[in-house]
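All remarks here apply to the structure that follows.
Each reported figure results from applying straightforward, stated rules to the coordinates on display, with no laboratory input. Computed from a predicted model, the values in this text were never measured in an experiment. As a convention, Cβ positions derive from the backbone with ideal geometry for all residues, glycine included, and neighbour counts pool all protein chains shown.
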């Protein structure tokens, strides 16, 4: 529920209570339901239940579009649109839901993406860290290679026995 809708609902139930138009027990139940902070675990569990329901929805022969409605999405909706919805809401992301193996991939993937950005174009064809013209030093040592104008790559790793 968006913050605006929640604030609006709380305001209206408060007004009903102040005007004695709602029983105190009903007021308390509604107010508590609106103001209770859902734990991340509870939210993830609810999303995982929805994910399990999504797995039962048939898709077209390409496996890309729903053949039946699911929640607010209609038949013909691209599965990736729904996956993005889950990815934005589940604390461990879509990878956790897709692979269903209990492994949290968010931190590891973020780290790999960061390290990949540190990889630079490389001309040292005999260096062990060169992979197809790209320096992969950062992927191994988790830092940028040291390159200067006079010596080039200080971290250059000559492969003995190769020319």
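Using a/c under 1.5 as the rounded threshold, could you call the chain rounded, prolate or oblate? The axes a ≥ b ≥ c are square roots of the C-alpha gyration tensor eigenvalues, and prolate needs a/b larger than b/c, oblate otherwise. Prolate shape, in that a/c is at least 1.5 and a/b is the bigger ratio. What's the angle, to the nearest 10 degrees (0 to 90), between helix 24-35's Cα axis and the longest principal axis of the chain? Taking Cα atoms only, the helix is inclined about 10 degrees.
Counting only helical runs of four or more DSSP H residues, what would the 222 nm mean residue ellipticity of the chain come to if each run contributes -39,500 (n - 2.57) and the total is spread over all its residues? Using -39500 (n - 2.57) per qualifying helix, the result is -15000 deg cm²/dmol. Geometric descriptor of the stretch 40-103, per residue, is 82 Å³ (volume of the convex hull of the Cα atoms). Which angle from 0 to 90°, rounded to the nearest 10, does the C-alpha axis of helix 106-118 make with the longest principal axis of the chain? In the chain, helix 106-118 runs at an angle near 40 degrees to the longest axis. If R0 is 30 Å, the Cβ-Cβ spacing of residue 88 and residue 65 corresponds to a FRET efficiency of close to 0.90.
Helix 79-89 against the longest principal axis of the chain: what's the angle in degrees, Cα atoms only, rounded to the nearest 10? The answer is roughly 80 degrees.
The stretch between residue 121 and residue 32 holds 26.3 nm of extra length on full extension. This uses 0.36 nm per residue minus the Cα-Cα distance.
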